[in-house]
Amino acid sequence: MKKPRLDPVLIAKIAKKNNKHDQYIYEQIAKRANRLGISSEAVLALWVKEEGFGTALYRRKLAPEIQAQIRGALTAQFSPRSDKHSGGTSTKARSPKKLKETAVVEWMIGDEQLLDRCKDLLKATRNFDRVFREATTVLEDRIKKLSGVKNMKTAALVSKVLNPDPNKAILVVSQEAFEQEGFFSICKGLMLAFRDTTHHELSNKFNKEDALKFCGFIDSVLTILGNAKKQTVA
């Protein structure tokens, strides 16, 4: 068992709260990881959150793929399939301990503005297209504020601010042209596929799980934007 990957301080906190030895916690983490099909780091993060301890510092150190595993485990709690049986096996039985809905939302969304705008909508029981509408509005507004470009339609805005050519972009996420182009394509796709659609028509095709996953993705996009380099272009 590769213990160095796990934070011994967090292990000790869990052990103390549950009146167990550290070794027992390591063993339980390994069993949960095997059962859920996710990494030990992801299991530890989820367990720490279950116990009510702060996890922000530990989370920031986790690799993107582990963050994705955590988001997947949390959003599965809101899946309409989670209480059904498939092939005689309960999906719910394989899920981590359920957290309070507010705790899950706050875990999934680190951006304060996105959380403030979408938290109440994510706690609703229907009309989750509103989450997509609000989240993409936050994304559009962030692009405008970071770049200083206003009064442009969304597709044109993304094309100007996140130009695929790093030398022509106002916000540069990478000097590698293929990476800049990739991020540009993601943002333009989000605007065309979700922002424009949800702003002009109502839809009942999204559920809570869809909305939570979408917010988690938008949160990642906002983080990348926040680290972009601004430059003056002709």
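Throughout, read-outs are computed from the coordinates displayed, never taken from laboratory work. On a predicted model such as this, the values are computed, not experimentally measured, just so you know. No Cβ is skipped: glycine too gets one built from the backbone with ideal geometry, and neighbour counts run over all protein chains shown.
Ignoring everything except DSSP H segments at least 4 long, calculate the 222 nm mean residue ellipticity for the chain; use -39,500 (n - 2.57) per segment, divide by total residues, nearest 500.
-18500 deg cm²/dmol
Kirkwood hydrodynamic radius, computed over distinct alpha-carbon pairs, for the range 6-79: how many Å, to one decimal?
Hydrodynamic radius (Kirkwood, Cα only) of the range 6-79 equals 12.5 Å.
With 5 Å bins from zero, work out the P(r) of the range 109-230 over every alpha carbon pair and list the percent per bin.
Histogramming the range 109-230 at 5 Å steps yields 2, 12, 23, 23, 19, 12, 7, 3, 0, 0 percent.
Counting other Cβ atoms within 10 Å, keep those with at most 12, restrict to DSSP loop, and tell me which trypsin sites (Lys or Arg not before Pro) in the range 124-188 are left.
Sites meeting the loop and neighbour criteria: 126, 150, 153.
Need one number: the % of Cα-Cα pairs in the chain sitting beyond the 29 Å mark.
39
Quote to one decimal, in nm, the extra length available between residue 204 and residue 141 on full extension: 0.36 nm per residue of separation minus the C-alpha distance between them.
Full-extension gain reported as 20.2 nm.
Students often get this wrong, so check it: of 123/145; 20/213; 20/49, which have C-alpha atoms separated by over 26 Å?
123/145; 20/213
Report the FRET efficiency, 1/(1 + (r/R0)^6), for residue 197 and residue 120, where r is their Cβ-Cβ distance and R0 is 22 Å, rounded to 0.05.
So, using R0 = 22 Å, E works out to roughly 0.50.
Applying 1/(1 + (r/R0)^6) with R0 = 30 Å to the Cβ-Cβ distance of residue 22 and residue 60, what FRET efficiency is obtained, to the nearest 0.05?
It comes out at approximately 0.80.
So how do 211-224, 193-206 stack up, highest first, on mean other-Cβ count within 10 Å?
Listed from highest to lowest mean packing, they are 211-224, 193-206.
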